1. Please list the non-local residues whose amide H lies under 5 Å from the amide H of residue 68, H modeled 1.01 Å from N, same-chain partners needing a gap of 5 or more.
2. First measure r as the distance between the Cβ atoms of residue 101 and residue 67, then evaluate 1/(1 + (r/R0)^6) with R0 = 35 Å and state the FRET efficiency to the nearest 0.05.
3. What is the set of long-range amide H partners of residue 159 at a cut-off below 5 Å, with H atoms built 1.01 Å from backbone N?
4. What is the sum of charges, Lys and Arg at +1 and Asp and Glu at -1, for the other residues whose Cβ falls under 9 Å from the Cβ of residue 39?
5. Stretched out fully, how many nm does the piece from residue 109 to residue 210 gain, at 0.36 nm a residue minus the Cα gap?
Amino acid sequence: MDTPAYHREFESANNILPQADQWNYDSVISPTAQHPAQSLNWFEAVIFCNALSRIHGLTPCYVLESTLTLSSDSGEITIPDWRRVPDANGYRLPTEAEFEYATRAGTSTAYSFGSNRHYLEYYGSWSNNLRVATARCGSLIPNPWGLFDVHGNVWEWSDDWTVSFSEEHQTDPRSTTPTAAGRAFRGGGISTFSGDPFSHCRGSALPNSRYRNLGIRLARNATSN
């Protein structure tokens, strides 16, 4: 999608779910229905992806297989083990590689618009440009491929577990092995400090984590149609 997920999309998708599958909707906040949904954890993100896929008659991309145990600062935690169905045609979260590829939009500079950080205020919403809340989706300048808010508004969950990058060249890498660092997120958010929302910037959190400036952007596998 060319913008982060709108808040109104969460409300619509949540209404069709069985009660047992609904997320804590009150925790998913946004200034208006046109602003990005924020404060959702990774599990709520993939449940939303599946719900939106069903609404559009597509095959959901995520299945709940069992549980898994991760180590955290407070000890071991047991969480749901959602796995992605590789060939499903529904909505999903982008991989880190997909996110950076789309953010760069064919560029190799620090940002998709060049290397001058003074232009950041026109492309993203982040703490040092004096914005104290998220911007309306699509209200700032997009990158060269027409994607909005890739340099700040809300951070956006990825499909990948967080691993250290290798210096070895890789094509379309994915990280599917659970790690204690949690799931990766991309893009920069309203808590990102000056100069940080580079095309390659990343963060991570355990998938059950919830932050005010963390949302999602959706992706789909390419089709021949």
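1. 79, 81
2. Calculated transfer efficiency: 0.60.
3. Correct list: 95, 96.
4. Net of charged neighbours comes to +2.
5. 33.2 nm
Computed from the coordinates by the stated procedures, all read-outs in this text should not be read as laboratory data. As the structure is a prediction and not an experimental result, all values here were calculated from the model. Please note: Cβ atoms are built from the backbone with ideal geometry, for glycine as well, and neighbour counts cover all protein chains shown.
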